[in-house]
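A.B. asks: Quick one: the structure is below, questions incoming.
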Amino acid sequence: MNTPGPPLAQFAHAPLLLLIIAFMMLQPLSTDLYLASLPGLASSFNVPPATVQLTLSLFVIGFGGAQLIIGPLSDRFGRRPVLLCGLVLYVAASIFCALAPSITMLIVARFLQALGCCAAVIIARAIVRDAYAPEHSVRVVASASTWLSLAPIVGPIVGSYLQVAFGWRAAFAALGLFSACVLAVSLKRMPETNLHRNARATELSGLLENYRLVLGSREFWAHALPGALSYGAIFSFISGSSFVLIRVLDVPTSWFGYCFAFGVSGYMSGTIICRRLLPTIGSARTFRIGSLTSLVAGCGFMAAVAAGIAHWSLMLAAMFLTMLAHGINFPIAQSGAVSPFPQQAGTAAGLMGALYMSIAFTVGTVVGATHNGTLYPLAIISCTLGLLIFASVRSIPAALSKAES
(Lines give C-alpha, C1' and ligand atoms only; values in the text may rest on other atoms or scores of the structure.)
Protein backbone atom coordinates (compact mmCIF):
# COMPACT_ATOMS: atom_id res chain seq x y z
CA MET A 1 0.00 0.00 0.00
CA ASN A 2 1.32 3.44 -0.93
CA THR A 3 1.65 5.82 2.01
CA PRO A 4 1.19 9.56 1.67
CA GLY A 5 4.22 11.79 1.74
CA PRO A 6 5.26 13.36 5.05
CA PRO A 7 3.98 16.81 6.04
CA LEU A 8 6.42 19.70 5.74
CA ALA A 9 8.84 19.89 8.67
CA GLN A 10 7.04 22.68 10.55
CA PHE A 11 3.83 20.60 10.71
CA ALA A 12 5.36 17.17 11.35
CA HIS A 13 4.26 17.22 15.01
CA ALA A 14 0.56 17.63 14.26
CA PRO A 15 -1.82 14.74 13.45
CA LEU A 16 -2.72 16.42 10.16
CA LEU A 17 -3.93 13.36 8.26
CA LEU A 18 -6.32 12.42 11.08
CA LEU A 19 -7.65 15.98 11.27
CA ILE A 20 -8.08 16.15 7.49
CA ILE A 21 -10.05 12.89 7.56
CA ALA A 22 -12.27 14.11 10.43
CA PHE A 23 -13.01 17.43 8.72
CA MET A 24 -13.83 15.80 5.41
CA MET A 25 -16.02 13.18 7.09
CA LEU A 26 -18.52 15.85 8.09
CA GLN A 27 -19.77 16.20 4.52
CA PRO A 28 -20.69 12.56 3.78
CA LEU A 29 -22.04 12.08 7.31
CA SER A 30 -24.21 15.19 6.90
CA THR A 31 -25.91 13.66 3.88
CA ASP A 32 -25.66 9.90 4.35
CA LEU A 33 -26.52 9.50 8.03
CA TYR A 34 -30.15 10.52 7.50
CA LEU A 35 -30.79 9.05 4.03
CA ALA A 36 -32.91 6.24 5.49
CA SER A 37 -35.03 8.93 7.14
CA LEU A 38 -36.01 10.71 3.91
CA PRO A 39 -39.16 8.65 3.26
CA GLY A 40 -40.00 8.94 6.97
CA LEU A 41 -39.62 12.73 6.83
CA ALA A 42 -42.10 12.86 3.96
CA SER A 43 -44.61 10.91 6.01
CA SER A 44 -43.89 12.72 9.29
CA PHE A 45 -44.42 16.19 7.85
CA ASN A 46 -46.95 15.06 5.23
CA VAL A 47 -45.01 16.55 2.32
CA PRO A 48 -44.03 15.16 -1.12
CA PRO A 49 -40.56 13.71 -1.85
CA ALA A 50 -39.59 16.85 -3.78
CA THR A 51 -40.02 18.94 -0.60
CA VAL A 52 -37.95 16.52 1.46
CA GLN A 53 -35.24 16.67 -1.23
CA LEU A 54 -34.81 20.34 -0.31
CA THR A 55 -33.10 19.24 2.91
CA LEU A 56 -30.39 17.89 0.62
CA SER A 57 -30.56 20.48 -2.17
CA LEU A 58 -30.47 23.52 0.14
CA PHE A 59 -27.60 21.92 2.04
CA VAL A 60 -25.77 21.68 -1.27
CA ILE A 61 -26.55 25.31 -2.15
CA GLY A 62 -25.32 26.54 1.23
CA PHE A 63 -22.23 24.38 1.04
CA GLY A 64 -21.41 25.48 -2.49
CA GLY A 65 -22.03 29.19 -2.06
CA ALA A 66 -20.15 29.45 1.22
CA GLN A 67 -17.00 28.09 -0.38
CA LEU A 68 -16.64 31.27 -2.41
CA ILE A 69 -16.39 33.19 0.87
CA ILE A 70 -14.71 30.72 3.20
CA GLY A 71 -11.82 29.98 0.84
CA PRO A 72 -10.69 33.63 0.56
CA LEU A 73 -11.31 34.20 4.29
CA SER A 74 -8.92 31.36 5.12
CA ASP A 75 -6.35 32.79 2.68
CA ARG A 76 -6.60 36.16 4.46
CA PHE A 77 -7.03 35.31 8.16
CA GLY A 78 -5.69 31.76 8.39
CA ARG A 79 -7.15 28.26 8.43
CA ARG A 80 -7.58 27.78 12.19
CA PRO A 81 -9.96 30.66 13.09
CA VAL A 82 -12.20 30.02 10.09
CA LEU A 83 -12.30 26.31 10.89
CA LEU A 84 -13.22 26.81 14.56
CA CYS A 85 -16.01 29.26 13.74
CA GLY A 86 -17.39 26.81 11.19
CA LEU A 87 -17.38 23.90 13.64
CA VAL A 88 -19.19 25.96 16.29
CA LEU A 89 -21.87 26.83 13.73
CA TYR A 90 -22.17 23.18 12.68
CA VAL A 91 -22.72 21.97 16.24
CA ALA A 92 -25.40 24.60 16.84
CA ALA A 93 -27.14 23.89 13.54
CA SER A 94 -27.18 20.14 14.22
CA ILE A 95 -29.03 20.78 17.49
CA PHE A 96 -31.42 23.06 15.59
CA CYS A 97 -32.05 20.25 13.07
CA ALA A 98 -32.80 17.72 15.81
CA LEU A 99 -35.35 20.07 17.40
CA ALA A 100 -36.96 21.38 14.18
CA PRO A 101 -40.78 21.49 14.55
CA SER A 102 -41.52 21.73 10.81
CA ILE A 103 -40.00 20.83 7.45
CA THR A 104 -39.39 24.52 6.77
CA MET A 105 -37.37 24.93 9.95
CA LEU A 106 -35.46 21.74 9.17
CA ILE A 107 -34.56 23.06 5.72
CA VAL A 108 -33.32 26.33 7.26
CA ALA A 109 -31.30 24.44 9.85
CA ARG A 110 -29.79 22.26 7.15
CA PHE A 111 -28.70 25.38 5.27
CA LEU A 112 -26.92 26.67 8.38
CA GLN A 113 -25.40 23.24 8.94
CA ALA A 114 -24.01 23.39 5.42
CA LEU A 115 -22.17 26.64 6.14
CA GLY A 116 -20.36 25.10 9.08
CA CYS A 117 -19.63 21.89 7.21
CA CYS A 118 -18.23 23.90 4.32
CA ALA A 119 -15.64 25.55 6.55
CA ALA A 120 -14.33 22.17 7.73
CA VAL A 121 -14.07 20.68 4.23
CA ILE A 122 -12.52 23.76 2.61
CA ILE A 123 -9.92 24.01 5.37
CA ALA A 124 -9.12 20.30 4.96
CA ARG A 125 -8.45 20.80 1.24
CA ALA A 126 -6.34 23.89 1.86
CA ILE A 127 -4.31 22.15 4.59
CA VAL A 128 -3.26 19.52 2.05
CA ARG A 129 -1.81 22.29 -0.15
CA ASP A 130 -0.27 24.13 2.84
CA ALA A 131 1.39 21.23 4.60
CA TYR A 132 2.37 18.76 1.87
CA ALA A 133 4.58 19.11 -1.16
CA PRO A 134 2.67 19.00 -4.49
CA GLU A 135 4.20 15.65 -5.44
CA HIS A 136 2.73 14.11 -2.27
CA SER A 137 -0.64 15.87 -2.17
CA VAL A 138 -2.52 13.51 -4.48
CA ARG A 139 -1.45 10.52 -2.37
CA VAL A 140 -2.50 12.35 0.79
CA VAL A 141 -5.94 12.97 -0.69
CA ALA A 142 -6.21 9.36 -1.88
CA SER A 143 -5.17 8.05 1.55
CA ALA A 144 -7.60 10.36 3.33
CA SER A 145 -10.34 9.38 0.89
CA THR A 146 -9.87 5.69 1.69
CA TRP A 147 -10.49 6.35 5.38
CA LEU A 148 -13.16 8.91 4.50
CA SER A 149 -15.15 6.23 2.72
CA LEU A 150 -15.84 4.62 6.10
CA ALA A 151 -18.24 7.48 6.84
CA PRO A 152 -20.69 6.79 4.00
CA ILE A 153 -20.34 3.03 4.62
CA VAL A 154 -21.07 3.12 8.34
CA GLY A 155 -23.27 6.24 8.29
CA PRO A 156 -26.30 4.84 6.43
CA ILE A 157 -26.22 1.62 8.49
CA VAL A 158 -26.21 3.56 11.75
CA GLY A 159 -28.78 5.96 10.33
CA SER A 160 -31.12 3.12 9.38
CA TYR A 161 -31.08 1.72 12.90
CA LEU A 162 -31.48 5.18 14.42
CA GLN A 163 -34.50 5.78 12.19
CA VAL A 164 -36.13 2.47 13.11
CA ALA A 165 -35.38 2.80 16.83
CA PHE A 166 -35.74 6.52 17.52
CA GLY A 167 -36.97 8.34 14.40
CA TRP A 168 -35.34 10.94 12.19
CA ARG A 169 -34.27 13.36 14.96
CA ALA A 170 -31.72 10.88 16.29
CA ALA A 171 -29.54 11.19 13.18
CA PHE A 172 -29.08 14.93 13.71
CA ALA A 173 -28.39 14.43 17.40
CA ALA A 174 -25.62 12.02 16.42
CA LEU A 175 -24.18 14.60 13.99
CA GLY A 176 -24.13 17.16 16.77
CA LEU A 177 -22.25 14.80 19.08
CA PHE A 178 -19.67 13.86 16.45
CA SER A 179 -19.03 17.48 15.43
CA ALA A 180 -18.65 18.53 19.07
CA CYS A 181 -15.88 15.92 19.45
CA VAL A 182 -14.15 17.19 16.29
CA LEU A 183 -14.36 20.75 17.62
CA ALA A 184 -12.79 19.73 20.94
CA VAL A 185 -9.86 17.99 19.24
CA SER A 186 -9.36 20.90 16.83
CA LEU A 187 -9.19 23.42 19.68
CA LYS A 188 -6.35 21.43 21.19
CA ARG A 189 -4.39 20.02 18.23
CA MET A 190 -5.11 22.02 15.05
CA PRO A 191 -2.11 24.18 14.03
CA GLU A 192 -2.22 27.21 11.77
CA THR A 193 -0.96 25.94 8.38
CA ASN A 194 -1.39 29.11 6.31
CA LEU A 195 2.09 30.59 6.42
CA HIS A 196 1.54 32.79 3.36
CA ARG A 197 -1.50 34.85 4.25
CA ASN A 198 -2.75 37.09 1.49
CA ALA A 199 -3.79 40.47 2.89
CA ARG A 200 -5.67 41.26 -0.33
CA ALA A 201 -7.56 37.96 -0.52
CA THR A 202 -10.79 39.48 0.80
CA GLU A 203 -10.50 42.83 -0.98
CA LEU A 204 -12.68 43.06 -4.06
CA SER A 205 -9.76 43.72 -6.39
CA GLY A 206 -7.66 40.95 -4.85
CA LEU A 207 -10.60 38.56 -4.81
CA LEU A 208 -11.38 39.18 -8.46
CA GLU A 209 -7.73 38.79 -9.38
CA ASN A 210 -7.53 35.45 -7.59
CA TYR A 211 -10.75 34.29 -9.24
CA ARG A 212 -9.39 35.37 -12.62
CA LEU A 213 -6.15 33.50 -12.02
CA VAL A 214 -7.84 30.26 -10.96
CA LEU A 215 -10.75 30.30 -13.42
CA GLY A 216 -8.43 31.20 -16.27
CA SER A 217 -6.28 28.15 -15.65
CA ARG A 218 -6.82 25.29 -18.09
CA GLU A 219 -5.30 22.91 -15.58
CA PHE A 220 -7.93 23.90 -13.00
CA TRP A 221 -10.79 23.09 -15.38
CA ALA A 222 -9.08 19.92 -16.58
CA HIS A 223 -9.46 18.53 -13.07
CA ALA A 224 -12.35 20.41 -11.48
CA LEU A 225 -14.97 19.83 -14.20
CA PRO A 226 -14.66 16.02 -14.48
CA GLY A 227 -14.43 15.82 -10.69
CA ALA A 228 -17.63 17.86 -10.29
CA LEU A 229 -19.49 15.74 -12.82
CA SER A 230 -18.27 12.61 -11.05
CA TYR A 231 -19.58 13.97 -7.76
CA GLY A 232 -22.88 14.73 -9.48
CA ALA A 233 -23.09 11.08 -10.52
CA ILE A 234 -22.77 9.79 -6.96
CA PHE A 235 -25.10 12.52 -5.70
CA SER A 236 -27.86 11.17 -7.93
CA PHE A 237 -27.72 7.99 -5.83
CA ILE A 238 -27.32 9.89 -2.56
CA SER A 239 -30.50 11.86 -3.24
CA GLY A 240 -32.55 9.18 -5.00
CA SER A 241 -31.54 5.74 -3.75
CA SER A 242 -33.62 5.69 -0.56
CA PHE A 243 -36.88 6.46 -2.37
CA VAL A 244 -36.15 3.95 -5.13
CA LEU A 245 -34.95 1.15 -2.86
CA ILE A 246 -37.51 1.59 -0.06
CA ARG A 247 -40.61 2.76 -1.93
CA VAL A 248 -40.13 1.34 -5.43
CA LEU A 249 -38.19 -1.88 -4.81
CA ASP A 250 -39.65 -2.58 -1.34
CA VAL A 251 -36.34 -2.89 0.52
CA PRO A 252 -36.99 -2.70 4.31
CA THR A 253 -35.80 0.54 5.92
CA SER A 254 -33.52 -1.38 8.30
CA TRP A 255 -31.77 -2.92 5.29
CA PHE A 256 -31.23 0.31 3.41
CA GLY A 257 -28.04 1.17 5.26
CA TYR A 258 -26.42 -2.10 4.24
CA CYS A 259 -27.48 -1.60 0.63
CA PHE A 260 -26.05 1.90 0.52
CA ALA A 261 -22.91 0.79 2.38
CA PHE A 262 -22.28 -1.82 -0.30
CA GLY A 263 -22.46 0.89 -2.95
CA VAL A 264 -20.08 3.12 -0.99
CA SER A 265 -17.61 0.26 -0.61
CA GLY A 266 -17.07 0.86 -4.31
CA TYR A 267 -15.73 4.32 -3.40
CA MET A 268 -13.28 2.83 -0.93
CA SER A 269 -12.18 0.31 -3.57
CA GLY A 270 -11.73 3.12 -6.07
CA THR A 271 -9.45 5.12 -3.79
CA ILE A 272 -7.30 2.04 -3.21
CA ILE A 273 -7.13 1.40 -6.96
CA CYS A 274 -6.19 5.05 -7.48
CA ARG A 275 -3.33 4.80 -5.01
CA ARG A 276 -2.09 1.61 -6.72
CA LEU A 277 -2.23 3.07 -10.22
CA LEU A 278 -0.71 6.51 -9.58
CA PRO A 279 2.92 5.40 -9.12
CA THR A 280 2.81 3.08 -12.13
CA ILE A 281 0.81 4.86 -14.84
CA GLY A 282 0.49 8.43 -13.57
CA SER A 283 -2.48 10.67 -12.86
CA ALA A 284 -3.53 11.35 -16.47
CA ARG A 285 -4.00 7.69 -17.39
CA THR A 286 -5.54 6.90 -14.01
CA PHE A 287 -8.04 9.73 -14.57
CA ARG A 288 -8.96 8.25 -17.95
CA ILE A 289 -9.56 4.85 -16.36
CA GLY A 290 -11.84 6.49 -13.82
CA SER A 291 -13.80 8.29 -16.53
CA LEU A 292 -14.20 5.06 -18.50
CA THR A 293 -15.54 3.36 -15.38
CA SER A 294 -18.07 6.18 -14.99
CA LEU A 295 -19.18 5.66 -18.57
CA VAL A 296 -19.60 1.89 -18.11
CA ALA A 297 -21.55 2.39 -14.87
CA GLY A 298 -24.00 4.91 -16.30
CA CYS A 299 -24.60 3.30 -19.67
CA GLY A 300 -24.80 -0.17 -18.16
CA PHE A 301 -27.44 0.97 -15.68
CA MET A 302 -29.50 2.57 -18.45
CA ALA A 303 -29.23 -0.50 -20.67
CA ALA A 304 -30.36 -2.82 -17.87
CA VAL A 305 -33.37 -0.66 -17.00
CA ALA A 306 -34.31 -0.38 -20.68
CA ALA A 307 -34.18 -4.18 -20.85
CA GLY A 308 -36.86 -4.33 -18.17
CA ILE A 309 -34.70 -5.20 -15.15
CA ALA A 310 -36.08 -3.67 -11.94
CA HIS A 311 -34.38 -5.29 -8.96
CA TRP A 312 -32.52 -4.04 -5.90
CA SER A 313 -29.36 -5.85 -7.04
CA LEU A 314 -29.23 -3.68 -10.17
CA MET A 315 -29.33 -0.54 -8.02
CA LEU A 316 -26.51 -1.86 -5.86
CA ALA A 317 -24.38 -2.74 -8.87
CA ALA A 318 -24.92 0.70 -10.42
CA MET A 319 -24.10 2.46 -7.14
CA PHE A 320 -20.99 0.34 -6.60
CA LEU A 321 -19.54 1.06 -10.05
CA THR A 322 -20.43 4.77 -9.98
CA MET A 323 -18.82 5.23 -6.60
CA LEU A 324 -15.80 3.12 -7.57
CA ALA A 325 -15.27 5.50 -10.49
CA HIS A 326 -15.54 8.51 -8.18
CA GLY A 327 -13.00 6.95 -5.83
CA ILE A 328 -10.55 6.96 -8.73
CA ASN A 329 -11.53 10.38 -10.06
CA PHE A 330 -11.84 12.44 -6.89
CA PRO A 331 -8.25 12.39 -5.47
CA ILE A 332 -6.81 13.34 -8.86
CA ALA A 333 -9.43 16.01 -9.48
CA GLN A 334 -9.05 17.63 -6.07
CA SER A 335 -5.27 17.64 -5.95
CA GLY A 336 -4.90 18.72 -9.57
CA ALA A 337 -7.33 21.62 -9.21
CA VAL A 338 -5.69 23.11 -6.08
CA SER A 339 -1.97 22.26 -6.32
CA PRO A 340 -1.08 24.88 -8.98
CA PHE A 341 -2.11 27.72 -6.62
CA PRO A 342 0.09 27.89 -3.49
CA GLN A 343 -0.93 31.50 -2.78
CA GLN A 344 -4.62 30.96 -3.60
CA ALA A 345 -5.19 27.46 -2.23
CA GLY A 346 -8.30 28.47 -0.30
CA THR A 347 -9.77 30.33 -3.26
CA ALA A 348 -9.07 27.44 -5.64
CA ALA A 349 -10.58 24.93 -3.19
CA GLY A 350 -13.62 27.18 -2.78
CA LEU A 351 -14.20 27.59 -6.50
CA MET A 352 -13.80 23.87 -7.08
CA GLY A 353 -16.21 23.10 -4.27
CA ALA A 354 -18.75 25.62 -5.54
CA LEU A 355 -18.65 23.93 -8.92
CA TYR A 356 -19.16 20.53 -7.27
CA MET A 357 -22.14 21.77 -5.29
CA SER A 358 -23.72 23.58 -8.24
CA ILE A 359 -23.78 20.37 -10.24
CA ALA A 360 -24.94 18.37 -7.21
CA PHE A 361 -27.79 20.85 -6.60
CA THR A 362 -28.88 20.55 -10.22
CA VAL A 363 -28.73 16.76 -10.10
CA GLY A 364 -30.58 16.56 -6.78
CA THR A 365 -33.31 18.88 -8.01
CA VAL A 366 -33.79 16.86 -11.18
CA VAL A 367 -33.86 13.59 -9.22
CA GLY A 368 -36.56 14.91 -6.90
CA ALA A 369 -38.64 16.46 -9.68
CA THR A 370 -38.55 13.42 -11.98
CA HIS A 371 -39.22 10.68 -9.40
CA ASN A 372 -42.13 8.70 -10.86
CA GLY A 373 -42.03 5.36 -9.08
CA THR A 374 -39.68 3.70 -11.58
CA LEU A 375 -35.92 3.36 -12.12
CA TYR A 376 -35.94 5.27 -15.41
CA PRO A 377 -35.24 8.83 -14.13
CA LEU A 378 -32.24 7.73 -12.06
CA ALA A 379 -30.91 5.56 -14.89
CA ILE A 380 -31.19 8.38 -17.45
CA ILE A 381 -29.44 10.84 -15.15
CA SER A 382 -26.68 8.33 -14.39
CA CYS A 383 -26.13 7.55 -18.07
CA THR A 384 -26.01 11.24 -19.03
CA LEU A 385 -23.43 12.04 -16.37
CA GLY A 386 -21.32 9.03 -17.33
CA LEU A 387 -21.15 10.30 -20.90
CA LEU A 388 -20.26 13.84 -19.75
CA ILE A 389 -17.50 12.63 -17.41
CA PHE A 390 -15.94 10.53 -20.14
CA ALA A 391 -16.14 13.37 -22.67
CA SER A 392 -14.76 15.99 -20.26
CA VAL A 393 -11.62 13.95 -19.54
CA ARG A 394 -11.08 12.91 -23.16
CA SER A 395 -11.46 16.47 -24.47
CA ILE A 396 -8.59 17.99 -22.45
CA PRO A 397 -5.51 15.80 -22.93
CA ALA A 398 -3.15 18.76 -23.22
CA ALA A 399 -3.98 20.08 -19.76
CA LEU A 400 -3.70 16.64 -18.24
CA SER A 401 -0.34 16.06 -19.87
CA LYS A 402 0.84 19.35 -18.42
CA ALA A 403 -0.35 18.31 -14.96
CA GLU A 404 1.42 14.97 -15.34
CA SER A 405 4.72 16.68 -15.94
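A.B. asks: Suppose we filter 205, 265, 239 for residues that are small (Gly, Ala, Ser) and farther than 25 Å from residue 332 by Cα; which single one remains? Show your work before the answer.
C.D. replies: Details: 265 fails: farther than 25 Å from residue 332 by Cα; 239 fails: farther than 25 Å from residue 332 by Cα.
Within the list 205, 265, 239, the selection yields 205.
A.B. asks: What number of residues in segment 374-395 are closer than 19 Å to residue 249 by Cα and either part of a helix (DSSP H, G or I) or within 22 Å of the chain's Cα centre (by Cα) (or both)?
C.D. replies: Going through segment 374-395 one residue at a time, the tally reaches 7.
A.B. asks: Specify the residue that is modelled with the lowest pLDDT; the eligible residues are those in segment 9-36 that are part of a loop (DSSP other than H, G, I, E, B) and touching a Ser or Thr at 6+ places or on another chain (Cβ under 9 Å).
C.D. replies: From segment 9-36, those part of a loop (DSSP other than H, G, I, E, B) are 12-15, 33-34; that's our starting set.
When the remaining residues are screened for being touching a Ser or Thr at 6+ places or on another chain (Cβ under 9 Å), the result is 14, 34.
On the way: 14: 55, 34: 89.
Applying the filter and picking the extreme gives 14.
A.B. asks: When only residues in segment 305-317 that are open to solvent by less than 40 Å² (accessible area, probe 1.4 Å) and in contact (Cβ under 8 Å) with a residue 60 or more places away in the chain count, which is farthest from residue 377 (Cα to Cα)?
C.D. replies: Top of the filtered list is 314.
Per-residue answers, yes or no, for (1) modelled with pLDDT of 90 or more; (2) open to solvent by 30 Å² or more (accessible area, probe 1.4 Å); (3) in a helix (DSSP H, G or I):
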{"site": "170", "(1), (2), (3)": "yes, no, yes"}
{"site": "175", "(1), (2), (3)": "yes, no, yes"}
{"site": "191", "(1), (2), (3)": "no, no, no"}
{"site": "194", "(1), (2), (3)": "no, no, no"}
{"site": "200", "(1), (2), (3)": "no, yes, no"}
{"site": "207", "(1), (2), (3)": "no, yes, yes"}
{"site": "236", "(1), (2), (3)": "yes, no, yes"}
{"site": "247", "(1), (2), (3)": "no, yes, yes"}
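A.B. asks: I'm trying to understand the selection: among the residues of segment 37-52, which are farther than 19 Å from residue 254 by Cβ and either in a helix (DSSP H, G or I) or open to solvent by less than 10 Å² (accessible area, probe 1.4 Å) (or both)?
C.D. replies: Passing the criteria: 45, 49, 50, 51, 52.
A.B. asks: Ok, one more. Quick check: anything in segment 101-120 more than 27 Å from residue 37 (Cα to Cα) and aromatic (Phe, Trp, Tyr)?
C.D. replies: No, there is no match, as no residue in segment 101-120 is more than 27 Å from residue 37 (Cα to Cα) and aromatic (Phe, Trp, Tyr).
A.B. asks: Are any residues in segment 85-142 assigned to a helix (DSSP H, G or I), of a type in the set (Gly, Ala, Ser), at pLDDT below 90 and open to solvent by 10 Å² or more (accessible area, probe 1.4 Å), and if so, which ones?
C.D. replies: If the condition is that a residue be assigned to a helix (DSSP H, G or I), of a type in the set (Gly, Ala, Ser), at pLDDT below 90 and open to solvent by 10 Å² or more (accessible area, probe 1.4 Å), then no residue fits.
A.B. asks: Let me ask you something else. Which pairs turn up if I take residues in segment 90-115 that are more than 21 Å from residue 22 (Cβ to Cβ) and in contact (Cβ under 8 Å) with a residue 60 or more places away in the chain and look for partners that are β-branched (Val, Ile, Thr) and in a loop (DSSP other than H, G, I, E, B) with beta carbon separation below 7 Å, at least 6 apart in sequence or on another chain?
C.D. replies: Here the result reads 103/47, each pair linking segment 90-115 to a residue that is β-branched (Val, Ile, Thr) and in a loop (DSSP other than H, G, I, E, B).
A.B. asks: Could you tell me how many of the residues in segment 341-373 are in a loop (DSSP other than H, G, I, E, B) and open to solvent by 50 Å² or more (accessible area, probe 1.4 Å)?
C.D. replies: The first filter runs over segment 341-373 and keeps only residues in a loop (DSSP other than H, G, I, E, B), leaving 341-344, 371-373.
Checking which are open to solvent by 50 Å² or more (accessible area, probe 1.4 Å) leaves us with 342-343, 371-372.
Residues flagged as in a loop (DSSP other than H, G, I, E, B) and open to solvent by 50 Å² or more (accessible area, probe 1.4 Å) within segment 341-373 amount to 4.
A.B. asks: Can we say residue 68 is in a helix (DSSP H, G or I) and within 22 Å of the chain's Cα centre (by Cα)?
C.D. replies: yes
A.B. asks: Which members of segment 148-163 meet the condition of being open to solvent by 10 Å² or more (accessible area, probe 1.4 Å) and either outside any helix (DSSP H, G or I) or among the hydroxyl-bearing types (Ser, Thr, Tyr) (or both)? So that I can check it myself, show each step before the final result.
C.D. replies: Here is the first cut: in segment 148-163, the residues open to solvent by 10 Å² or more (accessible area, probe 1.4 Å) are 148, 150, 152-154, 157-158, 161-163.
Answer for segment 148-163, where residues must be open to solvent by 10 Å² or more (accessible area, probe 1.4 Å) and either outside any helix (DSSP H, G or I) or among the hydroxyl-bearing types (Ser, Thr, Tyr) (or both): just 161.
A.B. asks: Report, by residue number, each residue of segment 71-84 that is charged (D, E, K, R) and either outside any helix (DSSP H, G or I) or under 20 Å from residue 210 (Cβ atoms) (or both).
C.D. replies: Across segment 71-84, the qualifying residues are 75, 76, 79.
A.B. asks: Kindly evaluate residue 265 against the criterion of being among the polar types (S, T, N, Q), closer than 30 Å to residue 157 by Cβ, open to solvent by less than 40 Å² (accessible area, probe 1.4 Å) and touching a Phe, Trp or Tyr at 6+ places or on another chain (Cβ under 9 Å).
C.D. replies: yes
A.B. asks: Going by the structure shown, is residue 285 assigned to a helix (DSSP H, G or I), modelled with pLDDT of 85 or more, open to solvent by 10 Å² or more (accessible area, probe 1.4 Å) and within 27 Å of residue 214 (Cα to Cα)? Reasoning before the result, please.
C.D. replies: Working: assigned to a helix (DSSP H, G or I): yes; modelled with pLDDT of 85 or more: yes; open to solvent by 10 Å² or more (accessible area, probe 1.4 Å): yes; within 27 Å of residue 214 (Cα to Cα): yes.
So residue 285 fits the description; yes.
The values are calculated or read from the model by the stated rules, or taken from the named source; none is laboratory data. Predicted model, so just to flag it, every value in this text is computed and none were measured. All Cβ positions, glycine included, derive from the backbone under ideal geometry; neighbour counts span all protein chains shown. Side chains included, ligands, DNA and RNA excluded: accessible areas come from the protein's heavy atoms. Shrake-Rupley method; radii C 1.70, N 1.55, O 1.52, S 1.80 Å.
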